[in-house]
Amino acid sequence: MDLTFYNTLTDKKEIFVPLKKNNVSIYQCGPTVYDYAHIGNLRAAITNDILRRVFEYAGYKVNQVMNITDIDDKTIGRSKEERIPLSELTRKYEDFYFADLRNLNIKIPEHLPHATNHIGGMIAMIEKLLWKGFAYTTTDGVYFDVSKSKNYGALAKLDLTAETQSRAGGEDKKNERDFALWKFWTPDDGPVAFDASFGRGRPGWHIECSVMAMSELGETLDIHAGGIDLIFPHHTNEIAQSEAVTGKPFVNLWIHNEFVMIDGQKMSKSLGNHTTLKTVLGHKIMPLAFRYWVLGTHYRTHANFTWEAIDGAQNALRKLSAHIGEGVGVINESYRKRFLEIIANDLDMPRALALAWEVTKDTSLSNAEK
């Protein structure tokens, strides 16, 4: 069957056409392991899990990659705050993250690359960008020159026509939008540094995902997924540096989920208004009730978090479970066909849940079909 998804790059729904027949490669931006994941982060994980399951249900072989960002400004800063080695800190929060995934019945992707295991690949990619003239060295690092990038900002719909080339923040960059590929070592980094031909230091955030994605899935990916907050600058910069190196399209289909909102603002750690799954479970909410709540809103729509909504989702899930009962039932082909049509239309899980409720109320069905 045809699967249709909204492509952020083209701003329209498209029928999915795989690079390899009956196979799909999916790269999803995973956690930066310096703190507990909040439920906005977990909405992205649930969306990606549904994406995978829809492809599997449609008969595809799925090759799914989720990276672990275990070196960046945030992880280094938190390791100093907690006074523990970087590797110890990141392992701790990585374990917490995977515990959340298991609680939410999320299938763990086949590949889980860690940034620290791909430093060599990052150095090699930066060397290529320097050799090809897409990057340059400053006093504090190596930067990507966005003026050399064809169609830079297309994913984020940036209007660059009114912008001028200017230096920013006292750095000797050519353009304010130029981004760091490599940051030279400073005493603040402590022992976190790697030797490279262009200078000792550590990678920038964006180069990490490009290298991990291509090392696992090749130079062009079927799908790249993530939260809408990653469109710019992260995914925009991934495209620029990746396509500069390969000369090929980096990703064919971009899928982004919307924010979880609370009190009219997006939920985020920087705003200090985030809630964790542990907090939700502490209110005697079942993990799958939280998952049910997430599926009740289309992934491209804001999900508004309230405790009343979570309680309502738990009550609904309990009632639905009571209707379903235990054991293996009989598939009704009419409903099965409608279900396939719904999930194939841009992961429309709210309509899928509505269909499940319709089945429970259909008096023409036998008990085995409910």
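The values are calculated or read from the model by the stated rules, or taken from the named source; none is laboratory data. Note that the structure is predicted; figures quoted are calculated from it, not measured. Note that we place each Cβ from the backbone using ideal geometry, even for glycine, and neighbour counts take in every protein chain shown. We work out accessible area using only protein heavy atoms, side chains counted, and drop any ligands, DNA or RNA first. Shrake-Rupley method; radii C 1.70, N 1.55, O 1.52, S 1.80 Å.
When the accessible area of the stretch 20-99 is split by element with a 1.4 Å probe, what percent falls to carbon and sulfur? It is 47 percent, rounded to a whole number. Between the amide H of Trp182 and those of Val142, Gly204, distances stay under 5 Å, these residues lying 5 or more places away or on another chain, with hydrogens modeled in the peptide plane. Backbone phi angles across the stretch 8-22, fed through the Karplus curve with coefficients 6.51, -1.76 and 1.60 (θ = phi - 60°), yield HN-Hα couplings of 4, 5, 9, 6, 7, 6, 9, 6, 6, 10, x, 5, 10, 3, 6 Hz in residue order; Gly and Pro are listed as x. Each Lys and Arg Cβ is given +1 and each Asp and Glu Cβ -1; about its Cα centre, the chain then shows a dipole of about 600 debye.
Using equal-weight Cα scatterers in the Debye expression, the normalised intensity of the stretch 31-127 in log10 at q = 0.11 Å⁻¹ is -0.39. List the DSSP H helices in the chain whose Cα atoms stretch 30 Å or more along the helix axis and whose mean Kyte-Doolittle hydropathy is at least 1.0. Span-like helices here: none at all. Dividing the helix sum by the residues of the chain, where each DSSP H run of 4 or more adds -39500 (n - 2.57), gives a mean residue ellipticity at 222 nm of -12000 deg cm²/dmol.
Distance between the modelled labels on Glu358 and Asn315, one decimal in nanometres: 2.5 nm (7 Å Cα→Cβ projection). Summary of the geometry: the stretch 187-236 and the stretch 81-149, compared by the centres of their Cα atoms, lie 5 Å apart. Among [x] 22.3, 74; [y] 20.4, 64; [z] 25.3, 82, which one is Rg and Dmax of the Cα atoms in Å computed from these coordinates? Evaluating Rg and Dmax of the Cα atoms in Å on these atoms matches [x]. Here is the tail figure for the stretch 93-251: Cα pairs spaced more than 26 Å apart come to 31 percent of all pairs. Taking all protein chains into account, the per residue accessible area for the chain stands at 47 Å² (1.4 Å probe). Judged by the ratio a/c of the largest to the smallest principal axis of the C-alpha gyration tensor, the stretch 286-370 counts as oblate, that ratio being 1.5 or greater while a/b is no larger than b/c.
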